[in-house]
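For reference, the structure is listed below as structure tokens.
The values are calculated or read from the model by the stated rules, or taken from the named source; none is laboratory data. What you see is a predicted model, and the numbers here were worked out from it, not measured in a lab. Glycine also receives a Cβ, built like all others from the backbone with ideal geometry; neighbour counts cover every protein chain displayed. Only protein heavy atoms, including side chains, enter the accessible area calculation; ligands, DNA and RNA are left aside. Shrake-Rupley method; radii C 1.70, N 1.55, O 1.52, S 1.80 Å.
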Amino acid sequence: MDQFISDFLSGKKLQQLSSEFLPYYSTLISKAGGILSQETINDIQEDLVKGKLKDMVGKIQKSLVEAENAPLDVAVIGECGTGKSSFINALRGLSHEEEGSASTGVVETTMKKTPYQHPKYPKVTFWDMPGSGAPNFSLETYLETVEFAKYDFFIIISSTRFNENDALLAQKIKNVGRKFYFVRTKVDNDLHNEEISKPKSFKKERVLQQIRDYCLANLSDIGVPEPHIFLVSNFDLTDFDFPKLEETLLKELPAHKRHTFVLLMPCLSDSAIEMKRDFFKEKIWLDALKTSALAFVPFMPFIYGFDLPEQEKCLAHYRSHFGLDDKSIKEIAQNFGISEQEIRSSIKSLDFQLLVKDDCTIAKAKTCVEAYCSVTGGLKSSILQFVKTYILHLKFLNTVADDAKIILHKTLGS
Ligand SMILES: Nc1nc2c(ncn2[C@@H]2O[C@H](COP(=O)(O)OP(=O)(O)OP(=O)(O)O)[C@@H](O)[C@H]2O)c(=O)[nH]1
Ligand SMILES: [Mg+2]
């Protein structure tokens, strides 16, 4: 059982909990940051000191609702043919031939600004911009059509060297207070070409370093100070700098937008899976803290039930977020030539009954509830249901996240 929640329920002094809140919260959240803004953290600490538990509940609830509903608009810009549309398709988890994917091709393809919703998370929109170097291109009209302030951040893409237009766009983005990241695509091509042309001396890491150094020198030549650059292949997001790009974007987003971004991160690396796990863990914890506080608010009806279909829904929800729903399992089997049976037998999160039946959950919940009842008396059954649910949700989450890693390594291996 979580120490902070357990202390809360067993009636530890709120003054003391207030000073323990921030250090505890910091150990709990993802390395890329949490859902609560610094302002909300300060407010919660103050509410704890003053014993204003109802206010604290309201603030946590507000942060959770904001995190759930935050829209995210990402603009992808750069020269013609650099792989903007392919990058968007990769982020949306769609192959280039799938229905609803952005058109890609060897000739100029994207002629006007086009929004693409994430198929699973409709609040996330990627904006596919026309290429900035087309023959009929005019920087002035381009700047007008882009509407810089509208987006949360920009990805500037190049497949060779960045140019003056990219630098101008970066400056413009900076002026409206938005962030931009440079992504160098098609590194798979570069590696392939180098390997064919210099089979004896070819070293993958050295070639990648050369591309990185070249891009950095090129960006500083055109006046971009200390640029961040990420090397990717749109055909393989598990490799190169894509995981680092995800982590950087997540860190630099405002707190309430991080949750939306973390949802769309494909489970293509251990670090992406861990960041997802941490975010959901934080949400479960904030929910539990809110509910624990409510149990101490006078005149608030505290009725908490344990509804099996609801629990099953919760498990299905985690499976979907970690790409382990039935549809995804089928796709993994097809794409990697592994039998569906083999995938299903190697993971534990498909057996809801087994996860729920575990006696440890009830034993753990009872210990915690006894502490609470020794302080307040009454309410025993509701609190027991709440603690049981809390422990179970954590268990669902951890089982699903561990399973996602098992499947990731199975597919990487094949
Ligand atoms: N090898 C390799 N090819 C890529 C990569 N990204 C894109 N391509 C190919 O590059 C070509 C252009 O890709 P698009 O995604 O259409 O490029 P775009 O920037 O949207 O092009 P416009 O819309 O015309 O500006 C296509 O043939 C893609 O398959 C990559 O990372 N590696
Ligand atoms: Mg395009």
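Looking at the square roots a ≥ b ≥ c of the eigenvalues of the Cα gyration tensor of segment 71-235, which shape do they give, rounded for a/c under 1.5, prolate if a/b is larger than b/c, or oblate? Numbers along the way, then the final one.
Working: a/c = 1.77, a/b = 1.27, b/c = 1.40.
Cα axes put segment 71-235 in the oblate bin.
What size of dipole, in debye to the nearest 20, comes out for segment 71-235 about its Cα centre when the only charges are +1 on Lys and Arg C-beta atoms and -1 on Asp and Glu C-beta atoms? Walk me through the numbers before you get to the answer.
Values: 20 positive and 21 negative charges, 85 e Å.
That gives a dipole near 400 debye.
Against the chain, whose longest principal axis comes from its Cα atoms, helix 204-221 is set at around 80 degrees. For segment 1-49, rounded, prolate or oblate, judged on the Cα gyration tensor with a ≥ b ≥ c (square roots of eigenvalues), a/c < 1.5 rounded, else prolate if a/b > b/c? Oblate, because a/c is 1.5 or more while a/b does not exceed b/c. The distance from the alpha carbon centre of segment 131-189 to that of segment 1-35 is 42 Å, rounded to a whole number.
The modelled label-to-label distance between Y24 and K348, using points 7 Å beyond Cα along the C-beta direction, is 2.7 nm.
Between the Cα long axis of helix 359-376 and the first principal axis of the chain there is an angle of about 60°, rounded to the nearest 10. What shape does segment 205-339 have by the C-alpha gyration tensor, where a ≥ b ≥ c are the square roots of the eigenvalues, rounded means a/c under 1.5, and otherwise prolate means a/b greater than b/c and oblate the rest? In terms of gyration-tensor shape, oblate.
Relative to the longest principal axis of the Cα atoms of the chain, the long axis of helix 38-50 lies at roughly 10 degrees. Note on the chain: dipole from Cβ charges, positive end direction compared against Y181, L308, G100; the farthest Cα belongs to L308.
Scan segment 81-190 for GluC sites (Glu not before Pro) in coil per DSSP, keeping those whose Cβ has at most 15 other Cβ atoms within 10 Å, and list them by number. Each step should come with its number before you reach the end.
Details: sites: E97, E98, E99, E108, E140, E144, E147, E164; in loops: E97, E98, E99, E108, E147.
Of the GluC sites (Glu not before Pro), the ones in loops of segment 81-190 whose Cβ has at most 15 other Cβ atoms within 10 Å are E97, E98, E99, E108, E147.
In this simple spin-label approximation, A217 and D73 carry label points 7 Å from Cα along the Cα→Cβ vector, and these lie 3.9 nm apart. Rounded to the nearest 20, the size of the Cβ-charge dipole of the chain about its Cα centre is 840 debye, with Lys and Arg at +1 and Asp and Glu at -1. For the chain, the relative contact order is 19 percent, taking Cα pairs closer than 8 Å that sit 6 or more residues apart in sequence and dividing their mean separation by the residue count.
What per residue convex hull volume, in Å³, do the alpha-carbon atoms of the chain yield?
On the way: hull volume 68.3 nm³, N = 414.
Spread over its residues, the Cα hull of the chain gives 165 Å³ apiece.
Quick one: work out the % antiparallel among DSSP beta bridges in the chain, nearest 5.
Values: 5 of 24 bridges.
About 20 percent, rounded to the nearest 5.
If R0 is taken as 35 Å, the Cβ-Cβ distance between E205 and E340 corresponds to a FRET efficiency of 0.40. Report note on the peptides 83-89, 207-213, 394-400: ranked by the mean count of other C-beta atoms within 10 Å, highest first, their order is 83-89, 394-400, 207-213.
Subtracting the Cα-Cα distance of F235 and L139 from their residue separation scaled by 0.36 nm leaves 31.6 nm.
Among the listed pairs K186/K330; K84/K348; K52/K281; K31/K200; K59/K410; K31/K348, a Cα-Cα separation exceeding 31 Å is found for K84/K348; K31/K200; K59/K410. Heavy atoms of the protein chains alone define the surface here; on that basis segment 71-235 has 52 Å² accessible area per residue at 1.4 Å probe size.
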